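Notes follow once the structure below has been shown.
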Amino acid sequence: MIDIASSIFGVIGVVIFSVWLLLTIAFQKNNELSRLTTRFDRFTLVPRWSFFTPDPGASNFHFVYRSRDDKTSASPWLELNLSPRGMFFPLWNPQKRYREGMIELFQLLALFSQNNSAERLQFTAPYIILLNVARKRLGGSLSSQAFYQFALVETRGPSGASVPRVRFYSLTHPVS
């Protein structure tokens, strides 16, 4: 009798922990199952892991830049791809430090922009570095009379499915 009870409890335990493991894996991505789990998980029994930051993947920053021939006509916004994915990305990622540095600059600029005017902000280190990145990316396509600027755009969610929100616009700067 004890053997039957222990085997039934063992099977029930394996089933419960298997379902919990599958829900935990599915809950890491923002999908229909995770929204359903959130609605019914009142005691937060299904964890959502976030390593190294309070909430990674919750928002994505995009660095966009453009040039202007004069004060009225502007080129389309171009985006700097910070996450190029290759076949060996999990093993070899030489762009990781560059990407992390750029994200740190974005966060510093967003923080500084809360307390400073645009005129004061243009003399901060993050602003100057990002302005230089925009100018280098535009490269030889700029004439000496051209202007350029950059912006930081934020999207929410792991896939960037939300409406983009502009977090910061730079001033328009002359090339020369």
Exercise for review: Mind listing just one residue for me: the one in the stretch 111-132 that is out of contact with any Leu (no Cβ under 7 Å at 6 or more places or on another chain) and not polar (S, T, N, Q) and, of those, modelled with the lowest pLDDT?
Suggested key: 119
Check your understanding: Is at least one residue of the stretch 152-162 closer than 14 Å to residue 77 by Cβ, at pLDDT 85 or above and assigned to a helix (DSSP H, G or I)?
Key -> no
Revision key, fill the gap. Of the listed residues (84, 76), the one being at pLDDT 70 or above, within 30 Å of residue 101 (Cβ to Cβ) and part of a loop (DSSP other than H, G, I, E, B) is 76
Exercise for review: Tally the residues that are among the aromatic types (Phe, Trp, Tyr) and touching a residue at least 40 places away in the same chain (Cβ under 8 Å), restricting the search to the stretch 117-142.
Suggested key: 1
**Study point:** Flag if residue 92 is modelled with pLDDT of 70 or more, surrounded by 13 or more Cβ atoms within 10 Å (Cβ to Cβ) and out of contact with any Cys (no Cβ under 8 Å at 6 or more places or on another chain)
**Key:** no
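Filter the stretch 50-73 down to the residues that are at pLDDT 75 or above and not in a strand (DSSP E or B) and list them by number.
69, 73, listed by residue number.
Yes or no, residue by residue, for (1) under 21 Å from residue 156 (Cβ atoms); (2) modelled with pLDDT under 80; (3) not assigned by TED's automatic domain parsing to the domain that holds residue 162:
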position	(1), (2), (3)
7	no, no, yes
11	no, no, yes
15	no, no, yes
20	no, no, yes
28	yes, yes, yes
34	yes, yes, yes
45	no, yes, yes
48	yes, yes, yes
Revision key, fill the gap. Expected single match for touching a strand residue (DSSP E or B) at 6+ places or on another chain (Cβ under 7 Å) and either modelled with pLDDT of 80 or more or not assigned by TED's automatic domain parsing to the domain that holds residue 26 (or both) among 142, 108 is 142
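The values are calculated or read from the model by the stated rules, or taken from the named source; none is laboratory data. Since the structure is predicted, the reported quantities are computational estimates derived from the model, not experimental observations. Glycine also receives a Cβ, built like all others from the backbone with ideal geometry; neighbour counts cover every protein chain displayed.
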